[in-house]
Amino acid sequence: METTLAQHIVTDLPQVTWIGVLIKAILILAIISALAGFGTFIERKVLAFMQRRLGPMHVGPYGLLQIAADGIKLFTKEDIIPQNANKLIFMIAPVITAATAFIALAAVPVFPDFTIPSWIPLLGDTFVPSIASDLNIGILFVLGMMAAGLYGPLLAGMSQANKWGIIGAARTAIQFLSYEVVTGLSILAPIMLVGSLSFVDFNAYQAEGIGSWMIWQQPVAFVLFLIAGFAETNRTPFDLLEHEAEVVSGYATEYSGMRWGMFFIGEYANMITISVIAAIVFLGGYDAASSIGWLTIMLKIAFFFFLMLWVRAAWPHVRPDQLMWLCWKVLMPLAVVNILITALVMMA
Amino acid sequence: MSEVQTVDTMITIKIDGIEYKAKEGEYILNAARANDIFIPAICYLTRCSPTLACRICLVEADGKQVYACNAKVKEGMEVTIDTPTILEERRAIMEVYDVNHPLQCGVCDKSGECELQNYTLELGIDSQSYMIPDTKRETTNWSSVLHYDPGLCIVCERCTTVCKDMIGDSAITTVKRGGAELDKGYKESMPKDAYAMWNKLQKSVIAPSNGTGETNCSDCGECIAVCPVGALASRDFVYTSNAWDLKRIPAVAAHSSDGAQIYYEVKPTSITDRTEKIYRITNEWNYVSLDGSARFAYDFQNTTATKDKAAFDAAIEAFKKAETVRFNAMITNEEAMMLQTLKEKMGFKLYNPEVKAFQTFLNHYKAASGNSLWTTDTDAIMKKSDFVISIGAALRNDSPAMKYAFNNVQKMNKGAGLYFHPVGDTLIPTFGKTVEVFTHKVGHEELALYLVLDLFADKEKLPSNVKEYIESFKKSETKTITEKVEKTIKEMVLNEETGEEEEVSKKVKEEVEKEITVSTNGLVDLLGGDSATFEDTFAKMMKKKENFSMMLGEDLYYHEKAENIAKLVALVEATCDIDVVMTPPKSNALGVALICELDDAQSGYTIGYNENGDFRLSALGDGDLDMPAMNQQEGTLCNIGKRVLPTNAAVEYEGYELNDLMKVLVGAPELTIDWTQTLPTNRGFKSIAFDDLPNSFDNDGTDNRGYRLEISNVETELPEISKCDEDAVLEGDIAYRCNPARQFNDFTDKSHEIFEAFALYASTEKAASLGEKVEVVFDNGSITLDVIADEKMTGDIVKVPDFKAAQGVYDLFGTSRYKTVTLRKV
Amino acid sequence: MSLEQFKNRNIGTQNYVALDVGKPPKSGLCQFKQVVKRTFKGELFVGLWVTMKAMLKALFGGDMHTIQYPFEKLPISPRYRAIHDMLRLLESGNYRCIGCGLCEKICISNCISMDTRYDENQRKEVSEYTINFGRCIFCGYCAEVCPELAIVHGPRYENASEQRAGYSLFEDMLTPIDKLNLQQEYDGFGAVSPNADENIKKTPLAY
């Protein structure tokens, strides 16, 4: 039934052309990059407010142009490659992070679809879909892509011939791999309920208002996913990869300029991705029918993004051993139990 | 001789229960100071008479209260410095000194080295019990250098004392000032010494003694040095620096041959110019007194010097083709040694008109007496001597050290003095009541020495021809003298022969028979004295005199018969109990005389070092190659006390030194002062490195600066002496090569606090007859000079200064100091 | 806590309260229980609430602590020792500085220098005066030693300079003559103590 509903929506839509997909891809790249930058600004502001400070104030009104200033700074900074680094890997590692983060976004419906007005030359009447590529294995693809993203920090840390980098890389491996399990298992229960891996189907499944949101059916899965999402995106309280107090800057120790900036953008893109997944899978996604559907999902994404900052302001780090203990001894068993219970309920 | 003489009879006294050694006949205060014990005293100066103005040195000696500056030590004396009554007295005195003393320490120049501040703190004066209305006292300037603020003056009379007892000018004195009368109640209520002191303080103030507002003195500035408060200051120094900001650089006064100890006191010039500048000169005034050139001629440094390579190369070339190097006495021993080395290696002549005559005279003296140098020095004279004779020195101008010694002997040792000089001087007779001045004819210096022989010599030791010659003067005039006079003469002569014992007169009366015919002395008349009264006067002068000394001046070195004079001096030493001191003409003449082999004249291509020449090395900043001035270089200087004294650089110098030329020409050690060790030991120098030379005084005033030149002593026969040609005197207008006091050379002239002009100096009457300007015509040239009247000169001889080397005055005078000239009004 | 208590290092004699942190969990089950307990006790949310409250108060309650420094400045204590001021006499407008040189002498970093001269009125005049602020350590000795309260520490603490040795001349520090009425009497370092009168011994005066 769910499948048909999804097919119905897709078939109702105009033809998806390659131009539309290209435009969408460019839009995602442009907007998410900008949002990642804006995210740094928001993070600094929110953290500042929570510490009763003002945050950046001097570049532009309320410091809004701080992003531009930071961008200019990152672009113009000298690109330093350590003498003993594996130069090729060192250079492509940040690209992997940024690329995987954006590729993952390809299967995520970010904005509602629209048609370019016909008075615009060349591109007029082009239909731009909400999803760049509505894969039928959307969630799996996104999670897989994000998992592939671990190669960025891993390679970066190992290539730079720096002991802090190595530690960062090792932490990347254990943290990302471990929490991949929790992410997968926690989201498995909603997938079982929906019966599809497509985000569109998830959206359709929860289309009947707040009461139909997955969070009410799967609160444990939601919490587990959220926790694992924090770990996947390397956010406090699980930001052990580049824990300043312990490993200088972890895998990013030797990076400077825009290469370092690409890690940053990748990280923020991942935060957005996780926020989007959480919003679609658990909080009802966007209301395809309503004209303000795009606004609701934006608010939901924004909430999750804000939550990440909020948590950073409030909570301390965990230790690496606590992180592993939490993953394998608490979260993973809980997730398995949750799946079992869900399965039992569905069979019943 | 003087070294041997310093053995004194030592006695033992007890100060505060501890035993100390003291010289017999010394004041308690000096004995304490020599033993490093502090007795408070404000008004006392070590080498001057006690004034008893401050009364703060009150101590208890053998149970009686005495003033430590005025009471002499006795064997076994027990001195207590502090007793309750004495402390009460001292506190009252200090409180009185603080009454109405302006609270302007903040701006006072003396603040930080002020004895009033020090004693107020030392005695813990934290409250005031006495009061009196103050009177307004205006600051005045006494001369071009002296600044007096009577408001700050505590009338300790140190300035007047030093001016009278040491300097001899007696230019200032205490006068009434009309302060408020003391409240009679104080007489009962306060300690009596404090009351007496206050009574005097309240009535007195210091003022020029000639009754005008101007001091008309030699502007030596010694009164400034001794002033314990900020009342007396140099006009140039007032309010320019605090004492503590100044860095003291020990040095030797460069201009006169005194070689006086001085400190250059330096500080950065201003906020924008951080190069160090000399702000003033200070001295250890208890042990050494400066003359005006030493105190005020300090800013003569060569400021424009740079390392001018082209000029340096030109100098090297000049030395290679030079036939003569002409220099003067303003040079260190090290530089003189360098020039001598150059002479030996390069074979040019060394010509030094200032020193040549002196060197020759010294050689004659050495040949005649066997002594390489004279036997005493001015310090020893001040300590011991009670009869001084000065021959051939313009005391007021040539040698401040000799002037101070001559005067100090009169004042402190109850001494007497004979002054022989062709130029009349009104100041010398004021030194003491028993000073006899002979204004003799130019050329009669030998006669003065013959008179000395006549008066003091052991006749039996005298060679017969000399004895005959002396006696030849005592012929005809004898008849005119009355019997009574003759008798006294008899007594006199007796005294001489028996070693100055007065009581023995009877014993020698028998010998009188012989002497009667020899009675009246024609020498005295020839020398411008009055033989009729001289015998009487001389008898008075000789009373209680034990220690005789003679000072010889520059006139003798330039005398035509200098060799004969040197022999006469040797004879005086051999036959009389008289110590001799000679003044080296200017600066380091002695060092140059000992180190350099000087030639008689210059010829060919000449390099002038601070002198005229074809190529000029000059520390004055106007030569072809710059040289460091005396306050810009390290080195040693020899002085009248026969000491080799280290002096130091006070201001920076950026140009080449003579040693740099030496390095290129013949090779030289790294530094100029590396030459110090190489000074010729056969001339009395010692092989001591410059940095090992001491530079201090002991507490009892013993001079430990540098070292004393070794004096060689060879037994010699009495010299053959020729008679004086009594008719060989100069007639007509006579010019005397003599500088005004404080002027010695181009460097003193360059200094901004020295004002004496390069002009013709004459007595008031002579100046009036000469008009404003004259041309002085010599045999070999002429010079045109302004005429300045010197109130203290008498007679017709005029003084022509030589301190400007460029004027060539030495060349005009040639080998003599007196010349017959034609004075033409211009 | 008073200062005495604070300085008392004798642990055990004071009213310290030992924080009850419980015993560390021994078995895995205990650890699990601790996690569950802490998770559901809501302690984490307390932390979140604290920060949220702080943010709301900062944004809307006017409780923002940031001072936007170059535009806003905190008031400073009168005892603060910043760039020096040279004061004038209020009545005549003359310099208070008499050029005694005590500040120059006492300055432990040797950064004060002055030129003085004998002026036309027979007084000591300070012709130039500088403090090298590149070397000054703002110890305040100059203000303390000044007998005339002429040199004092002012409130100007911004002493960054484009040049290594920033000099300041007399005029820079002197109260401008047109602002004489605004000159504040200094009550900081070196000012007369409130009980100064008690420490003075009076001198008898005859008039």
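Can you tell me how many residues in the stretch B:760-786 are within 23 Å of B:T215 (Cβ to Cβ) and buried (at least 18 other Cβ atoms within 10 Å of the Cβ)?
Residues in the stretch B:760-786 being within 23 Å of B:T215 (Cβ to Cβ) and buried (at least 18 other Cβ atoms within 10 Å of the Cβ): 4 in total.
Just one of the numbered conditions (1) under 25 Å from B:E26 (Cα atoms); (2) more than 28 Å from the chain's Cα centre (by Cα); (3) surrounded by fewer than 17 Cβ atoms within 10 Å (Cβ to Cβ) is not true of B:P133; which one?
(1)
Could you tell me whether C:N121 is loosely packed, with under 14 Cβ neighbours inside 10 Å, more than 8 Å from every other protein chain (Cβ to nearest Cβ) and at positive phi?
In short, no.
Among the residues that make up the stretch C:95-110, is at least one of them away from every other protein chain (no Cβ under 12 Å) and farther than 23 Å from B:D149 by Cβ?
Yes - at least one qualifying residue is present in the stretch C:95-110.
Name every residue in the stretch B:232-261 that is of a type in the set (A, V, I, L, M), more than 14 Å from chain C (Cβ to nearest Cβ) and either farther than 30 Å from B:N333 by Cα or in contact with an Asp or Glu (Cβ under 7 Å, 6 or more places away or on another chain) (or both), in order of residue number.
B:L232
Would you mind stating whether B:I206 is buried (at least 21 other Cβ atoms within 10 Å of the Cβ), among the aliphatic types (A, V, I, L, M), in contact with a Ser or Thr (Cβ under 8 Å, 6 or more places away or on another chain) and touching a residue at least 60 places away in the same chain (Cβ under 8 Å)?
No; evaluated as a whole, the condition is false for this residue.
With respect to A:A85, is the statement that it is surrounded by fewer than 18 Cβ atoms within 10 Å (Cβ to Cβ) and either in contact with a Ser or Thr (Cβ under 6 Å, 6 or more places away or on another chain) or not β-branched (V, I, T) (or both) true?
Spelling it out, it is not the case that A:A85 is surrounded by fewer than 18 Cβ atoms within 10 Å (Cβ to Cβ) and either in contact with a Ser or Thr (Cβ under 6 Å, 6 or more places away or on another chain) or not β-branched (V, I, T) (or both).
Hey, any hits in the stretch B:400-413 for a residue that's farther than 15 Å from B:S549 by Cβ and in contact with a Ser or Thr (Cβ under 9 Å, 6 or more places away or on another chain)?
Yes, the conditions are met somewhere in the stretch B:400-413.
Regarding the stretch C:143-162, can at least one residue be identified that is within 14 Å of another protein chain (Cβ to nearest Cβ), of a type outside the set (A, V, I, L, M, F, W, C) and out of contact with any helix residue (DSSP H, G or I) (no Cβ under 8 Å at 6 or more places or on another chain)?
The answer is yes; a qualifying residue exists.
Right, A:P316: within 14 Å of chain C (Cβ to nearest Cβ) and either crowded, with 18+ Cβ neighbours inside 10 Å or closer than 26 Å to A:Q51 by Cα (or both) or not?
Criteria met by A:P316.
Tally up the residues in the stretch C:146-170 that are within 29 Å of B:Q104 (Cβ to Cβ) and not β-branched (V, I, T), please.
10
Out of all the residues in the stretch A:62-85, which are away from chain C (no Cβ under 14 Å), under 23 Å from A:F306 (Cβ atoms) and in a helix (DSSP H, G or I)?
A:Q66, A:I67, A:A68, A:D70, A:G71
Only one of these conditions is not met by B:L447: (1) modelled with pLDDT of 85 or more; (2) more than 30 Å from B:A728 (Cβ to Cβ); (3) touching a helix residue (DSSP H, G or I) at 6+ places or on another chain (Cβ under 7 Å); (4) not basic (K, R). Which number is it?
The failed condition is (2).
Can you spot a residue in the stretch C:136-145 that is over 30 Å from B:N100 (Cα atoms), in the same structural domain as C:E91 (by TED's automatic domain parsing), surrounded by fewer than 17 Cβ atoms within 10 Å (Cβ to Cβ) and more than 19 Å from the chain's Cα centre (by Cα)?
no
Sort out which residues of the stretch B:397-416 are within 16 Å of B:I640 (Cα to Cα) and either touching a strand residue (DSSP E or B) at 6+ places or on another chain (Cβ under 6 Å) or among the polar types (S, T, N, Q) (or both), and write them in order of number.
If the condition is that a residue be within 16 Å of B:I640 (Cα to Cα) and either touching a strand residue (DSSP E or B) at 6+ places or on another chain (Cβ under 6 Å) or among the polar types (S, T, N, Q) (or both), then B:N397, B:S399, B:M402, B:F406 are the ones that fit.
Look through the stretch B:262-279, keep the residues that are within 14 Å of another protein chain (Cβ to nearest Cβ) and touching a Phe, Trp or Tyr at 6+ places or on another chain (Cβ under 7 Å), and return whichever of them is surrounded by the fewest Cβ atoms within 10 Å (Cβ to Cβ).
Applying the filter and picking the extreme gives B:K267.
Taking the options C:V21, C:V36, name whichever one is more than 24 Å from A:R52 (Cα to Cα), aliphatic (A, V, I, L, M) and under 47 Å from the mean Cα position of the chain (by Cα).
Only one candidate qualifies: C:V21.
For B:K366, state whether it is within 19 Å of B:M551 (Cβ to Cβ) and among the charged types (D, E, K, R).
When the stated conditions are applied, B:K366 passes them.
Wholly within the stretch B:726-826, which strands (runs of 3 or more DSSP E) include no fewer than the required count, namely at least 3 residues that are aliphatic (A, V, I, L, M) and touching a residue at least 24 places away in the same chain (Cβ under 8 Å)? So that I can check it myself, show each step before the final result.
Values: elements: B:734-737, B:760-762, B:773-778, B:781-789, B:798-800, B:818-820, B:822-825.
Passing ranges, in order: B:773-778, B:781-789.
Suppose we filter the stretch A:43-61 for residues that are modelled with pLDDT of 90 or more and among the β-branched types (V, I, T); how many remain?
Total satisfying the criteria: 1.
Yes/no per residue for (1) under 22 Å from B:L658 (Cβ atoms); (2) hydrophobic (A, V, I, L, M, F, W, C); (3) in contact with a Leu (Cβ under 9 Å, 6 or more places away or on another chain):
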{"residue": "B:K247", "(1), (2), (3)": "no, no, no"}
{"residue": "B:E265", "(1), (2), (3)": "no, no, yes"}
{"residue": "B:N286", "(1), (2), (3)": "no, no, yes"}
{"residue": "B:G292", "(1), (2), (3)": "no, no, no"}
{"residue": "B:K307", "(1), (2), (3)": "yes, no, no"}
{"residue": "B:T332", "(1), (2), (3)": "yes, no, yes"}
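Rundown of residues vs (1) aliphatic (A, V, I, L, M); (2) out of contact with any helix residue (DSSP H, G or I) (no Cβ under 6 Å at 6 or more places or on another chain); (3) surrounded by fewer than 19 Cβ atoms within 10 Å (Cβ to Cβ); (4) in contact (Cβ under 8 Å) with a residue 12 or more places away in the chain, yes/no style:
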site: B:L29; (1), (2), (3), (4): yes, yes, no, yes
site: B:A53; (1), (2), (3), (4): yes, yes, no, yes
site: B:L58; (1), (2), (3), (4): yes, no, no, yes
site: B:D62; (1), (2), (3), (4): no, yes, yes, yes
site: B:C69; (1), (2), (3), (4): no, no, no, yes
site: B:T80; (1), (2), (3), (4): no, yes, yes, yes
site: B:P84; (1), (2), (3), (4): no, yes, yes, no
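Rundown of residues vs (1) assigned to a loop (DSSP other than H, G, I, E, B); (2) under 17 Å from A:M332 (Cβ atoms); (3) out of contact with any helix residue (DSSP H, G or I) (no Cβ under 8 Å at 6 or more places or on another chain); (4) touching a residue at least 60 places away in the same chain (Cβ under 8 Å), yes/no style:
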| residue | (1), (2), (3), (4) |
| --- | --- |
| A:E180 | no, yes, no, no |
| A:T183 | no, yes, no, no |
| A:A207 | yes, no, yes, yes |
| A:G211 | no, no, yes, no |
| A:W216 | no, no, yes, no |
| A:F230 | no, yes, no, yes |
| A:R235 | yes, no, no, yes |
| A:L240 | yes, no, no, yes |
| A:Y251 | no, no, no, yes |
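State the number of residues belonging to the stretch B:755-787 that are out of contact with any helix residue (DSSP H, G or I) (no Cβ under 7 Å at 6 or more places or on another chain) and on the phi > 0 side of the Ramachandran plot.
Count: 1.
Tally up the residues in the stretch C:180-204 that are within 14 Å of another protein chain (Cβ to nearest Cβ) and surrounded by 10 or more Cβ atoms within 10 Å (Cβ to Cβ), please.
Summing the residues that are within 14 Å of another protein chain (Cβ to nearest Cβ) and surrounded by 10 or more Cβ atoms within 10 Å (Cβ to Cβ) in the stretch C:180-204 gives 2.
What residue, among those in the stretch A:264-282 that are within 8 Å of the chain's Cα centre (by Cα) and of a type in the set (G, A, S), is surrounded by the most Cβ atoms within 10 Å (Cβ to Cβ)?
A:A269
The values are calculated or read from the model by the stated rules, or taken from the named source; none is laboratory data. All of these numbers come straight from a predicted model, not from anything done at the bench. Methodologically, a virtual Cβ is constructed for each residue, glycine included, from the backbone with ideal geometry; neighbour enumeration extends over all protein chains shown.
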